Amino acid sequence: MADAYFDTVRRLSEAASSPVRQQGDHGVELMVSGIPLAKFNGVYHHRRETYAGEVDRLAAVVAQADIPWCIHTRAEPTPEIRAIAARWGRTEQNRTPTMVCRPGDLRPAGDPAADLDIRVVGSAAYGAYLSTFVGGFEMAEDIAATLMPPKLLDLPGATAYLGFVAGRPVTTGYGIRSGDFVGVMNIATEPAARRRGYGRKITERIVRDAFDDGAVATYLHASEDGFPVYEAMGFSTLETWTYLV
């Protein structure tokens, strides 16, 4: 699943920008996507083992880029990794639950949010998708447009979802497949439409479509607010990943 996630990040970055990448000898990877968010630039430790020297060497390269960046680990960072991160000014820690849902795990919510009309959309609906994405994540439009350019709505293996209430778009979702896994992303609901079950319903739709298409599991990275919702749906935590920013 971790391999599927990082393959997805590479594909999205390559479609959205022209990333700079370097691969270390032990699975540590440098990627500078150009997207001005720390999570999408930095040194990524894909494996559970620690190769501190490789992390340090690649951190020296990415630190030259004038862009937010991170050091990522799949496990709790070791004291050595923390010392390297501190030396490069990466002292803030963001811990992200990595959650998975397999066929048979999904617990539908019944029929709440019955007024939500979920549609699969492509780049022809980009304006509506982007504005809803911006509102849901409360993100600057220029950053959102860099993160989600129109071509990502037509990317092979990916499906963009837009949820409407009374003809007005209020929530977004995105599913993208790598191998047997589908990543669930972009679950965002505009502030005025929250607490009505729309985010859960569009997530369920992505998961159901993934299983109907033969995926063995779906995965996501949960925010603090989203975690109890996903857990109630049947997602369980596999690992907690750390981003030092």
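Observations on the model:
- Two-site FRET efficiency, A15 against R119, from Cβ-Cβ distance with R₀ of 22 Å, rounded to 0.05: 0.50
- Top of R87, R119, R11 by mean-square fluctuation, Gaussian network on the chain, Cα under 10 Å: R87
- Residues F227 and A166, FRET efficiency given R0 of 35 Å [Cβ-Cβ distance, rounded to 0.05]: 0.75
- Sequentially through region 104-109, phi angles give Karplus couplings (6.51, -1.76, 1.60; θ = phi - 60°) of x, 7, 4, 10, x, 8 Hz, Gly and Pro residues having no value and appearing as x.
- Taking 7 Å steps out from each Cα toward its Cβ at A83 and R48 produces label points 2.5 nm apart.
- Over the residues of the chain, the helix contribution to mean residue ellipticity at 222 nm works out to -9500 deg cm²/dmol, using -39500 (n - 2.57) for each DSSP H run of at least 4.
- A simple rule links phi to the HN-Hα coupling: the Karplus curve 6.51 cos²θ - 1.76 cosθ + 1.60 with θ = phi - 60°, which for region 71-81 gives 10, 9, 9, 7, 10, 4, x, 6, x, 5, 5 Hz, with x for Gly and Pro.
- Whole-number D in µm² s⁻¹ for the chain, Kirkwood Cα-pair radius fed into Stokes-Einstein, 20 °C, 1.002 mPa s: 115 µm²/s
- Tensor-based shape of region 171-245 (alpha-carbon gyration tensor, a/c under 1.5 rounded, otherwise prolate or oblate): oblate
- Cα gyration tensor, region 131-174 - rounded (a/c under 1.5), prolate or oblate: oblate
- If only the Cβ of Lys and Arg carry +1 and only the Cβ of Asp and Glu carry -1, the dipole of region 26-79 around its Cα centre is close to 140 debye.
- Centre-to-centre, using Cα atoms only, region 12-44 and region 82-159 are separated by 18 Å.
- For a paramagnetic label modelled on D7 (point 7 Å from Cα along Cα→Cβ), amide N atoms under 17 Å away belong, within region 203-238, to 210-211, 213-220.
- Between the amide H of L238 and those of T98, M99, V100, distances stay under 5 Å, these residues lying 5 or more places away or on another chain, with hydrogens modeled in the peptide plane.
- Using the Cβ-Cβ distance between I67 and D25 with R0 set to 22 Å, the FRET efficiency from 1/(1 + (r/R0)^6) comes to roughly 0.30.
- Prolate/oblate/rounded label for region 90-155 (Cα gyration tensor, a/c 1.5): oblate
- Simple spin-label estimate for S236 and R194 gives 3.0 nm between the two label positions (7 Å along the Cα-to-Cβ direction from each Cα).
- Here the Gaussian network model covers the chain, with springs between Cα atoms less than 10 Å apart; of A59, A86, A158, A86 fluctuates the most.
- Charge dipole of region 83-180 (Cα centre as origin; +1 on each Lys and Arg Cβ, -1 on each Asp and Glu Cβ, all else neutral): 360 debye, rounded to the nearest 20.
- Carbon plus sulfur fraction of accessible area for region 101-176, probe 1.4 Å, in percent: 55 percent
- Rolling a 1.4 Å probe across the protein heavy atoms gives the chain an accessible surface of 45 Å² per residue.
- Coupling constants for region 54-67 follow from the phi torsions by the Karplus curve (6.51 cos²θ - 1.76 cosθ + 1.60, θ = phi - 60°), and in residue order they are 5, 4, 4, 4, 6, 4, 5, 6, 5, 5, 6, 7, 8, 7 Hz; glycine and proline get x.
- Residue (of G226, A59, G175) at the positive-pole extreme of the chain, dipole from beta-carbon charges: G226
The values are calculated or read from the model by the stated rules, or taken from the named source; none is laboratory data. Because the structure is predicted, anything quoted here is derived from the model rather than measured. Please note: Cβ atoms are built from the backbone with ideal geometry, for glycine as well, and neighbour counts cover all protein chains shown. All accessible areas refer to the heavy atoms of the entire protein, side chains included, with ligands and DNA or RNA removed. Shrake-Rupley method; radii C 1.70, N 1.55, O 1.52, S 1.80 Å.
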